[in-house]
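**Q** Dropping the structure in here first, questions after.
The values are calculated or read from the model by the stated rules, or taken from the named source; none is laboratory data. What you are looking at is a predicted structure, and each value in this text was computed from that prediction instead of being measured. Using ideal geometry, Cβ is built from the backbone for each residue, glycine included, and neighbour counts are taken over all protein chains shown. To get the accessible areas, we keep the full protein, side chains included, count just its heavy atoms, and leave off ligands, DNA and RNA. Shrake-Rupley method; radii C 1.70, N 1.55, O 1.52, S 1.80 Å.
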Amino acid sequence: MAYASLIGAEVKRKEDPRFITGAGRYVGDLKLPGMCYVALVRSPYSHARIRSIDTTVALHHPDVIAVVTGRDLIDQCNILPVANAGEGGGGGKEAPARSRYALSIDKVRYVGEPVAAVIASSPEIAADVVAMVEVDWEPLPAAVDPLKALEPDAPILFEDMSNNIDHVAKRAAGDVDAAFASAFKVVRQRMFNQRLAGIPMECRAVTAAPDPTTNGLNIWTSTQTPHQVRGEIAQVLRLEENQVRVIAPDVGGGFGVKVGIYPEEALLSWLARHFDTPMQWLETRLENMLVTTHGRAQVADVEAAVAEDGAVTALRMRISADLGAYPLATILPDLTIMMGVGVYNIPNVDLQATCVYTNTTPVAAYRGAGRPEAIYYIERLMDLVADELEMDPAEVRRKNFIPPDAFPYKTPTGLAYDSGEYDKALTKALELAQYPALRTEQQQRRQAASSTSLLGIGVACYVEMCGFGPFESAQVRVEPSGTVTVCTGISPHGQGAGTTFAQIVADQLGADFDKIIVKYGDTGMTPMGVGTMGSRSLAVGGTALVQATEKIRQKLQQIAAHMLEAAPDDIVLLDGRYQVRGAPDSALTFEQIAQRAYGGRLPADIDTGLDVTEFFRPPSLIYPFGAHVAVVEVEVETGEVSIRNYFSVDDCGPRISPMIVNGQVHGGLAQGIAQALLEEMVYDENGQLLSGSLMDYAIPRADLFPRFTTDQTVTPTPINPLGVKGIGEAATIGSTPAIVNAVVDALSHLGIRHLDMPLRPEKIWQALQGR
C-alpha cells in the first residue's frame, strides 16, 4: 500500500514548526476590540462565612468598569456542575448542597475560592484594585488533614452532612478473612500518596466575547475538553448549546487539570454577555498553584496475606481519599480500588476507599488519575513481601502474575483485562538492565562497606485502564485537489495527534502525508467529541478516524471501478495507486479519483463528494502495561539520590508513531520520578498552602534524569481495529514505584523497609541517622 511505511515510521511532527518558530497562538495572545480584563478577589481563609463585601472604594477607581459579586449572578446563573449532583443537579437551577456558584456567595471552603471580580481597562489595574475590595470574613475551624477530617469532632464542610464523608467505594471478592487466617505471613504498611500540582507550562486562560449572530458567546479557553465546557457553560448561563462556541487554541499542557469547567469560564462568559463586551482573564502561576485542581492526595493502609512460596492469597486496602472542598472527580478513588490488584492474580480482595472533604483545593484528574495510586500501593507491597520472605523482588512478581493464557481476564474487582504478557515485559526490562550483574555489584559493595554511596535497584510492573468512552468522533473530507482535512472531537495539547492521525489517513487512503491537515479544539467546526484525557486519543479517536477513512476508501474504490470499468471488489490500493487487481497498468492516483468525486460524470448510485463523519463507541476499556527498572545511587552523608540508569519497557500494542510514543514515555517518566523524589503540595493546619510557588514546590530539572533506555513488547488489544492501547499516562504510573523501590532497596540492608514520598535528601538522611 502507498505510504504503508508511515505506520510505525519515525516522522517529524507536523505540529512542531510553528511552535519552534514562535508562531503558536494561545488564549493569552488574543486581543479583541473593546476587551476588558478581569481579576478575582479570592478568599484568604480555608473556611469562612462571608458577612459582607464592600466594593465602594474599588468602584471609585477611574479605570474600573465594575466590581461583581456572587449576588449579582445568582438570579441569572445556575450552579456549576459537580461530580455527584445527581439527575438534574449539575448545572440545574436548584443547588445541591455540595455545589458552588461561579462566585461564592455565603461561604468559602478553601483558600483561593473566588468571591468577587474586578473588571478594568487593563490586567494590571484589575489586579491592583482587588486589594481595594473589602470583605468582612467570619473565619471558621478548618478540616485540612484527610485523616483528621474523618474524626467525629472534625469541622464539617457542608451543613447538610453529619460528617465529611462523600461516599465509601468498595470492591470485594473471595474469602479474605480465611486467607488472612491461614497466611504464612501478613505484610502491612501505611503509604502516603502525596498531593501534587499539575504545573502545565501555560496556566489557565479564558477570553469570552458576545456573538451577535447567535445571541450567544464565543469562548476561547485553555482546556482539554472544549465540547464539555460548551455544554456546561450553556447549562450555567441557561443558553442553548448552539449559542455557545468554545475554542481551545494552542494549549500549553494539561495533564488532566484542564478537564471540564472552572468558575472562571462560567464567570467570564456571564460578564461578556452582561456587559456586552469581550472579557479576558489570565491565571497567574500563583493562582495556578493555589486554585487549579490538585491530584493524588491519598493515604492507604495496605496488607497482604502471603503463602510461604511468595504467592499473595489476599489483599486488603483501606484508603482515605482527599477530595478537597468540592466533588469534582469523586470517581478517582473508585478507579484506584478497581485497579488495586495490578498485574497480579490475587483471588481474595477487600478494598475500600473513603472519600472525604477537606478545606483544601479540590482534587481531580492528574496524569494517571486514580491508577498511579493503585499501582504504587501494590508495587510497594510486592517489594515488602519480597523483603519479608527474603526473596528477589522479580521472583515475587513472577509468582503472582496473571498468566498470558488467562486473558481476557476478569479481575476480582470486576474489570475485564483485554490482553497482557506481563512476564515478557519484565524479562525484557531485566535483560536491558543486566539485572543479575546489578545484584552482584550491589552485594559486593555492601560487603566492602567502604562506599560513600549505596546502590539501589527498583522493579515495578504496571497495568492501567484507559480508552474511556462513551464515544469519539472524526470527520474526513477529501477536497477535489486531493488534499485531506480531518476534524476530530479529541483536543490535543502536545500529544502529536495531528501527526499520528495524518499517518493513519495517508496509510489508509494513499493520500500525501504533507497534504493532510488535522483540525480540532473548536466546537463550531469539529463534530461532537469528548476530548483528550485518559490516554484515549488514538484508541478511541483514532478508531473513529479509521472507521471514517474506511468508508472514504470504499467510495474511492467505487469511483475508481467506474472510471476503470471494473468491479469495486477488484480495485486495490498498491504503490500509491488504485488499480485493478493483477493489472498494474490500469490504475488511478488518489488525486484523480478525488477530482472525479466532485465532477458531473458519476453514476446515479454514487453520491457526489468525499466527506464522512463517524463516531466510535468503545465496547470496553483497554489495558496497557509494562515493566520498569530503576538504578539509583544514594549518598550516605547527605541522603541525596541520583538516578544512574532507567529502563522502561512499555506495551501499548502497535506503535503508529514511535517517536511520539517515546516522547510520551519520556514526559511520563519525568512526572512519575518527580513525584517519587520531589513534588508535594503542603498545607498548614489552617489550610494555608505552604508550597504555593515554584520557589517552594520542587519540579524536576533536566539534570535529574539519566538518558532513559526505552523499549517495548507488542500485545495488541482486540477492542479496536488498530490493536492500539494508550501510552500518555503509562510511564507516569510505572516510574513512581520503581524509583521508591530502588531507594528503599538501597537502604534495605540497614533495616529500612519503607519511606513515604517524596524521598527528599533530608528524609533519607534522617532515616539513615535513625537506622
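**Q** Between G663, G653, G672, G687, which is in contact with a Phe, Trp or Tyr (Cβ under 9 Å, 6 or more places away or on another chain), in contact (Cβ under 8 Å) with a residue 60 or more places away in the chain and either of a type in the set (G, A, S) or open to solvent by 10 Å² or more (accessible area, probe 1.4 Å) (or both)? Talk me through it step by step, then tell me what you get.
**A** Details: G663 fails: in contact with a Phe, Trp or Tyr (Cβ under 9 Å, 6 or more places away or on another chain); G653 fails: in contact with a Phe, Trp or Tyr (Cβ under 9 Å, 6 or more places away or on another chain); G672 fails: in contact with a Phe, Trp or Tyr (Cβ under 9 Å, 6 or more places away or on another chain).
Matching residue, one of G663, G653, G672, G687: G687.
**Q** I'm told A604 meets every condition in (1) open to solvent by less than 50 Å² (accessible area, probe 1.4 Å); (2) out of contact with any helix residue (DSSP H, G or I) (no Cβ under 9 Å at 6 or more places or on another chain) except one. Can you identify the failing condition by its number?
**A** (1)
**Q** Here's another thing I want to ask about it. Determine whether A154 is part of a strand (DSSP E or B) and either surrounded by fewer than 19 Cβ atoms within 10 Å (Cβ to Cβ) or not acidic (D, E) (or both). If you could, list the steps in order and put the result at the bottom.
**A** Working: part of a strand (DSSP E or B): no; either surrounded by fewer than 19 Cβ atoms within 10 Å (Cβ to Cβ) or not acidic (D, E) (or both): yes.
No, not satisfied.
**Q** Let me ask another. Which of the residues that make up segment 500-542 are hydroxyl-bearing (S, T, Y) and buried (at least 24 other Cβ atoms within 10 Å of the Cβ)? Reasoning before the result, please.
**A** Step one: filter segment 500-542 for residues hydroxyl-bearing (S, T, Y), giving 500, 520, 523, 526, 532, 535, 537.
Hits for segment 500-542 are T500, Y520, T523, T532, S535, S537.
**Q** On to the next question. Which of the residues spanning segment 119-141 are part of a loop (DSSP other than H, G, I, E, B) and either in contact with a strand residue (DSSP E or B) (Cβ under 9 Å, 6 or more places away or on another chain) or at positive phi (or both)?
**A** To start, the set of residues in segment 119-141 that are part of a loop (DSSP other than H, G, I, E, B) comprises 121-122, 133, 140-141.
Of everything in segment 119-141, those that are part of a loop (DSSP other than H, G, I, E, B) and either in contact with a strand residue (DSSP E or B) (Cβ under 9 Å, 6 or more places away or on another chain) or at positive phi (or both) turn out to be S121, S122, V133, L140.
**Q** Within segment 635-662, work out how many residues are closer than 21 Å to V505 by Cβ and either of a type outside the set (S, T, N, Q) or part of a helix (DSSP H, G or I) (or both). Outline the logic, then answer.
**A** Of segment 635-662, the ones closer than 21 Å to V505 by Cβ are 652-661.
So of that shortlist, the ones also either of a type outside the set (S, T, N, Q) or part of a helix (DSSP H, G or I) (or both) come out as 652-656, 658-661.
So the count comes out to 9.
**Q** Select from segment 22-49 the residues that are more than 15 Å from S121 (Cα to Cα), buried (at least 21 other Cβ atoms within 10 Å of the Cβ) and hydrophobic (A, V, I, L, M, F, W, C) and list them in ascending order.
**A** V27, V41, A48
**Q** Which one of these is at pLDDT 95 or above, open to solvent by less than 10 Å² (accessible area, probe 1.4 Å) and assigned to a loop (DSSP other than H, G, I, E, B): G482, G469?
**A** Details: G469 fails: open to solvent by less than 10 Å² (accessible area, probe 1.4 Å).
Going through G482, G469 in turn, the sole match is G482.
**Q** Sticking with this structure for a sec: Which of the residues belonging to segment 481-502 are out of contact with any strand residue (DSSP E or B) (no Cβ under 6 Å at 6 or more places or on another chain) and either under 19 Å from L610 (Cα atoms) or among the acidic types (D, E) (or both)?
**A** Of everything in segment 481-502, those that are out of contact with any strand residue (DSSP E or B) (no Cβ under 6 Å at 6 or more places or on another chain) and either under 19 Å from L610 (Cα atoms) or among the acidic types (D, E) (or both) turn out to be S481, G482, T483.
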